[in-house]
Amino acid sequence: MREQAKTLAARLTIEEKIMLVKGMGTWNTFPIERLGLPSIMMADGPHGLRKQDQGGDNALGLGKSIKTVCFPTASGTAASFDRSLLRQLGETLGQECRAAELSLLLGPAVNIKRSPLCGRNFEYFSEDPYLSAEMAVNYTQGLQSKGVGVSIKHFAANNQEKRRMTSQSVVDERAMREIYLPSFEQTVKRADPWTVMCAYNRLFDGIYCSENKRLLTDILRDEWGFDGVVVSDWGAVSNRAAGIEAGLDLEMPDSYGLHDDKLYNALASGELSEEALDEACARMIDLVLRAVEATQANDEPVPPADNEADHALARAMARDTMVLLKNDGILPLKREQSGVAYIGGFARLPRYQGGGSSHVNAYHVASAYETAIKEGLAIEYAEGFAVTDYNYDLVKAHAAIELAKRSEVAVIFAGLPEAMDAEGADRKHLDLPPCQNELIAQIAAVQPNVIVVLCNGAPVRMPWAGEVQAILESYLAGESVGEAQVDLLYGAYSPSAKLAETFPLYLQDTPCYGNFPGGTATVEYRESIFVGYRYYDKAEKNVLFPFGHGLSYTNFEYTNLRLSRKNLTPDDTLEVSVTVRNAGDFDAAEIVQFYVSPPNDGAVFREPKALKGFGKVFLKAGEKRCVKAVLDSRAFAYFHVGLNDWYCAPGDYEIHAAASSRDIRLSVPVKMHNDLEAPPAYDIALPSYDSGLVHSVPDAEFEALLGYPIPPANFASPRRLGWDATLEDATQSPFGRLLMKIIDFAFPIISGIAGDAIGETSSLKDAVVEMPVRTIAQWSAGMLTGDMLDALISIFNEEEYCKSICTLLRGGYNSVKKMMNGKNG
Ligand code: BGC
């Protein structure tokens, strides 16, 4: 940290200090003009800028944002397995931020895909921590190279939307270290992120991440050496004083004084030390200085964003993020192919981004239909189903089936409605809307040449997979989605992406089935390290499409898997190389995956294999090249809870060069020597983990794994409520029940207007009633004050009715008056 930051912090008054550690409005920090510190602005990412114009309704952060290019979301960018693509994405967004005078972009989002149901998976990279970390590091380095900071989020173990603001993630230490922390750890250690965003949920010891000292100081700063700013997720602050003590620097958004009195009191009582506040201020000043220096580093004015050029880049990126899941030889289509039917509303109105805070105002969305027409391709179109349709529509379906019958090829554009890939709501199942599944099956029955093109942010079931000839997974490919689909369908380029997650056959197969999304108080990560392919491999489950799978228009031969040594110690690195030859006649890129299998010695439970390296290589037809990776000790180690450290068990390991997690091409052994003999990692047997049968881990076994008693899954009801109470909790009181009745009445109307997903996800209503009342107050831009919140809580606790109702009425009147004055003035 700059010395200057500490010196300036020492010159702040208490009032200035308290101002500096909270947001100004929704997207800015407070300026301290007296000391020459400007306000800096931030905006949501991660795959485009959601910069809001100032003023108007933007106090709530809901106003319209500037027009900007929407790039593919993280599900797709991770499937590119392409570090340089992530770096370029970061650089481009960094440049756009500079043009828009933004100092921070709120991304990358790096939470691990624990369940395919998580509504925000489209925004996250992978089920695999190594791949996720590589993507995050490169994105961060690219973006920050332009003098704009990232906010890597959501720290940590925030893997679902259900009760995301209150739930405690109960995760054992090994799963934390091996699965949920590495993306953050690697980014902190290798890319020096300017900020880290702490998550909403509760974690170690049931303490909110925003005030979890073990998370924010012991691990993040002391162990990993982070010296940037910790920002709260928007509305994640519960106890502000405890947060500052624990290492949370900036509270976002502006809570309009909600916590100020408590902060002053905590300082007066010594509950909060002034040193901790000073440190937070110094880090804030350091951040502001960093941003100022970056803008002053170059005298040249920053050119405005070139949306046309970025749109073209988005098209090239989208091509590299779409995964060809199946191809019986029907693809690529010839451009002169006649009788091509485009069916499905997604052909004209593609899904290209998810719902929630990452939603950008796209510059120009190109559909496949529009692109095909523009490029003079002979196609006919029938809607069949609309993007938001749920029920099968006889009239639309009939027209589509008739078109399919008289065509030579049917390309069906299907996918999830936006409400099923959205922040704030998890899906309840893996199915596409029934109208889509039914129509695909019916068309497959009358037309032998069917290609399905999907637009969705996370895995779906495909009961018709065996009946169609090709499947192209587009994910949410950004605004150039349709152009990239046409590029790939007609063979202008070969697909090259591979899945960064497993597509399961059934929801019941997923590793956390039965333990997702948990009770009212906790969610138990009983599957431990067996997330994604680690589980499917261990439990020997068939899957629809495995992690790392993706086809191309050519085929590749792997030869000569070589290691730089046959014996190694934890201090050595191991160079791995393999020769890949494009054995077909189509120029294309191949993603080579290197997995490590640990010794099968029964000493401690391990995954059968884990991804520890990868490389992507473009090869012209007939060309061959060597693909390399360097493996360090982390590639062999597991986290030993007894040693509280990473440990490389001695023994025989295997290194695999693979085209997917289930397509191992070559394997070679390597021996690890380690003089450090570790004691047994656990002192009791853990048979469920040894076998990988983690769907029904007994309490005693999970407790032994955790090393502490399992906290109650549900909150006691009734209990004494505080500011963290949700409207759901409040139903323990008559007033809360009345409130819920009103909400129950109002929400179907609101949901209808907002286009909710007809009961297929946890609903908008759930998201609201599961929100702590302090967050509602924080987002109310000062309308719901601390006094009103206290009064509300008293009523929920069935205390001081008269006084509390008077406070609420008075407060409500004042707020309305303030609002009217604001509007008139
Ligand atoms: C989301 C963050 C986002 C923030 C600001 C929160 O609700 O969880 O990812 O950056 O809002 O919009």
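For residues in the range 559-615 being open to solvent by less than 10 Å² (accessible area, probe 1.4 Å) and more than 26 Å from the chain's Cα centre (by Cα), which is nearest to PRO495 (Cα to Cα)?
The residue in question is ALA588.
Filter the range 114-148 down to residues that are in contact with a Leu (Cβ under 7 Å, 6 or more places away or on another chain) and part of a helix (DSSP H, G or I) and give me whichever is farthest from the ligand (Cβ to nearest atom).
Here the answer is TYR130.
Checking the conditions here, which among PRO680, PRO712 is in contact (Cβ under 8 Å) with a residue 24 or more places away in the chain, open to solvent by 30 Å² or more (accessible area, probe 1.4 Å) and farther than 19 Å from THR522 by Cβ? Spell out the reasoning first.
On the way: PRO712 fails: farther than 19 Å from THR522 by Cβ.
Every option except PRO680 fails the conditions.
Condition check ((1) within 20 Å of TYR490 (Cβ to Cβ); (2) within 16 Å of the ligand (Cβ to nearest atom); (3) touching a Gly at 6+ places or on another chain (Cβ under 6 Å); (4) not in a loop (DSSP other than H, G, I, E, B)) across all residues:
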residue	(1), (2), (3), (4)
VAL288	no, no, no, yes
PRO303	no, no, no, no
ALA309	no, no, no, yes
LEU325	yes, no, no, yes
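So, ASP601, is that one in a loop (DSSP other than H, G, I, E, B) and at pLDDT 95 or above or not?
Spelling it out, it is not the case that ASP601 is in a loop (DSSP other than H, G, I, E, B) and at pLDDT 95 or above.
Here is a yes/no grid of residues against (1) touching a Cys at 6+ places or on another chain (Cβ under 9 Å); (2) not charged (D, E, K, R):
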site: ILE379; (1), (2): no, yes
site: GLY384; (1), (2): yes, yes
site: VAL387; (1), (2): yes, yes
site: TYR390; (1), (2): yes, yes
site: VAL395; (1), (2): no, yes
site: ILE401; (1), (2): no, yes
site: LYS405; (1), (2): no, no
site: MET420; (1), (2): no, yes
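Go through the residues of the range 179-187 one by one and say whether even a single one is hydrophobic (A, V, I, L, M, F, W, C), under 24 Å from ARG606 (Cβ atoms), within 16 Å of the ligand (Cβ to nearest atom) and part of a helix (DSSP H, G or I).
yes
Considering only the range 456-485, how many residues are out of contact with any Pro (no Cβ under 6 Å at 6 or more places or on another chain) and of a type in the set (Gly, Ala, Ser)?
Summing the residues that are out of contact with any Pro (no Cβ under 6 Å at 6 or more places or on another chain) and of a type in the set (Gly, Ala, Ser) in the range 456-485 gives 7.
Step by step: first the residues of the range 239-254, then only those that are open to solvent by 10 Å² or more (accessible area, probe 1.4 Å) and of a type in the set (Asp, Glu), then the one that is nearest to ILE40 (Cα to Cα). Which residue is that?
Result: ASP254.
What do you reckon, is GLU275 without any contact (Cβ under 8 Å) to a residue 12 or more places away in the chain and either closer than 30 Å to ALA366 by Cβ or open to solvent by less than 10 Å² (accessible area, probe 1.4 Å) (or both)? Full working, then the answer.
On the way: without any contact (Cβ under 8 Å) to a residue 12 or more places away in the chain: yes; either closer than 30 Å to ALA366 by Cβ or open to solvent by less than 10 Å² (accessible area, probe 1.4 Å) (or both): no.
The answer is no for GLU275.
Quick one: would you say ALA156 is away from the ligand (no atom under 11 Å from the Cβ) and open to solvent by less than 10 Å² (accessible area, probe 1.4 Å)? Outline the logic, then answer.
Numbers: away from the ligand (no atom under 11 Å from the Cβ): yes; open to solvent by less than 10 Å² (accessible area, probe 1.4 Å): yes.
Answer is yes for this residue.
Within the range 796-825, which residues are loosely packed, with under 14 Cβ neighbours inside 10 Å and among the β-branched types (Val, Ile, Thr)?
VAL816, the sole residue that qualifies.
One line per residue, one yes/no per condition, for (1) in contact (Cβ under 8 Å) with a residue 12 or more places away in the chain; (2) of a type in the set (A, V, I, L, M); (3) within 16 Å of the ligand (Cβ to nearest atom):
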| residue | (1), (2), (3) |
| --- | --- |
| MET197 | yes, yes, yes |
| SER269 | no, no, no |
| ALA280 | yes, yes, no |
| ARG283 | yes, no, no |
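Could you please let me know if GLU370 is under 24 Å from the mean Cα position of the chain (by Cα), over 22 Å from ALA441 (Cα atoms), away from the ligand (no atom under 16 Å from the Cβ) and open to solvent by 20 Å² or more (accessible area, probe 1.4 Å)?
Details: under 24 Å from the mean Cα position of the chain (by Cα): no; over 22 Å from ALA441 (Cα atoms): yes; away from the ligand (no atom under 16 Å from the Cβ): yes; open to solvent by 20 Å² or more (accessible area, probe 1.4 Å): yes.
Answer is no for this residue.
Within the range 199-239, track down each residue that is of a type in the set (Val, Ile, Thr) and either closer than 17 Å to GLY107 by Cα or within 16 Å of the ligand (Cβ to nearest atom) (or both).
Selection gives VAL229, VAL230, VAL231, VAL237.
Of all residues in the range 27-39 being closer than 22 Å to LEU258 by Cβ and open to solvent by less than 10 Å² (accessible area, probe 1.4 Å), which is farthest from the ligand (Cβ to nearest atom)?
ILE32
All but one of (1) of a type outside the set (Val, Ile, Thr); (2) in contact with a Phe, Trp or Tyr (Cβ under 9 Å, 6 or more places away or on another chain); (3) open to solvent by 10 Å² or more (accessible area, probe 1.4 Å) hold for GLN778; state the number of the condition that does not hold.
(3)
For a quick check of your reading: which strands (runs of 3 or more DSSP E) sit entirely within the range 616-725 and have at least 2 residues that are under 19 Å from PRO129 (Cα atoms)?
Values: elements: 624-631, 638-640, 645-647, 651-660, 663-672.
Strands (runs of 3 or more DSSP E) meeting the threshold: 624-631, 638-640, 645-647, 651-660.
Which one of ALA266, ALA242 is small (Gly, Ala, Ser) and under 30 Å from the mean Cα position of the chain (by Cα)?
Details: ALA266 fails: under 30 Å from the mean Cα position of the chain (by Cα).
From the options ALA266, ALA242, the qualifying one is ALA242.
Scan the helices (runs of 4 or more DSSP H) fully inside the range 381-498 and keep the ones with 2 or more residues being closer than 20 Å to PRO72 by Cβ, open to solvent by less than 10 Å² (accessible area, probe 1.4 Å) and in contact (Cβ under 8 Å) with a residue 24 or more places away in the chain.
Once the helices (runs of 4 or more DSSP H) in the range 381-498 are filtered for at least 2 residues that are closer than 20 Å to PRO72 by Cβ, open to solvent by less than 10 Å² (accessible area, probe 1.4 Å) and in contact (Cβ under 8 Å) with a residue 24 or more places away in the chain, what remains is 481-489.
So which residues in the range 503-533 are outside any loop (DSSP other than H, G, I, E, B) and in contact with a Phe, Trp or Tyr (Cβ under 9 Å, 6 or more places away or on another chain)? Full working, then the answer.
The initial filter retains those residues of the range 503-533 that are outside any loop (DSSP other than H, G, I, E, B), namely 503, 507-509, 522-524, 533.
Answer for the range 503-533, where residues must be outside any loop (DSSP other than H, G, I, E, B) and in contact with a Phe, Trp or Tyr (Cβ under 9 Å, 6 or more places away or on another chain): PHE503, LEU507, ASP509, VAL523, GLU524, TYR533.
For the range 725-749, how many residues meet the condition of being closer than 23 Å to LEU258 by Cβ and open to solvent by 50 Å² or more (accessible area, probe 1.4 Å)?
Of the residues in that region, 2 qualify.
Are there any pairs with C-beta distances below 6 angstrom linking a residue in the range 1-16 that is open to solvent by 50 Å² or more (accessible area, probe 1.4 Å) to a residue that is part of a helix (DSSP H, G or I), with the two at least 6 apart or on different chains, and if so which?
Filtered contacts from the range 1-16: MET1/ASP286; ARG2/ASP286; ARG2/LEU289; LYS6/ALA282.
Tally up the residues in the range 343-367 that are in a loop (DSSP other than H, G, I, E, B) and within 16 Å of the ligand (Cβ to nearest atom), please.
Number of matching residues: 7.
List every residue pair whose Cβ atoms lie under 6 Å apart, where the two residues are 6 or more positions apart in sequence or sit on different chains, the first residue falls within the range 248-264 and is without any contact (Cβ under 8 Å) to a residue 60 or more places away in the chain and on the phi < 0 side of the Ramachandran plot, and the second residue, located anywhere, is within 16 Å of the ligand (Cβ to nearest atom) and in a helix (DSSP H, G or I).
Correct list of pairs: LEU248/SER210.
Which numbered condition trips up LYS51, out of (1) closer than 23 Å to ALA422 by Cα; (2) within 16 Å of the ligand (Cβ to nearest atom); (3) touching a residue at least 60 places away in the same chain (Cβ under 8 Å)?
(3)
With the checklist (1) of a type outside the set (D, E, K, R); (2) under 20 Å from ALA470 (Cα atoms); (3) within 16 Å of the ligand (Cβ to nearest atom) in hand, flag the one item GLN447 doesn't pass.
For GLN447, the exception is condition (3).
The values are calculated or read from the model by the stated rules, or taken from the named source; none is laboratory data. Predicted model only: the values in this text are computed from it and were never measured. Using ideal geometry, Cβ is built from the backbone for each residue, glycine included, and neighbour counts are taken over all protein chains shown. Surface areas here come from the heavy atoms of the whole protein model, side chains and all, with no ligands, DNA or RNA. Shrake-Rupley method; radii C 1.70, N 1.55, O 1.52, S 1.80 Å.
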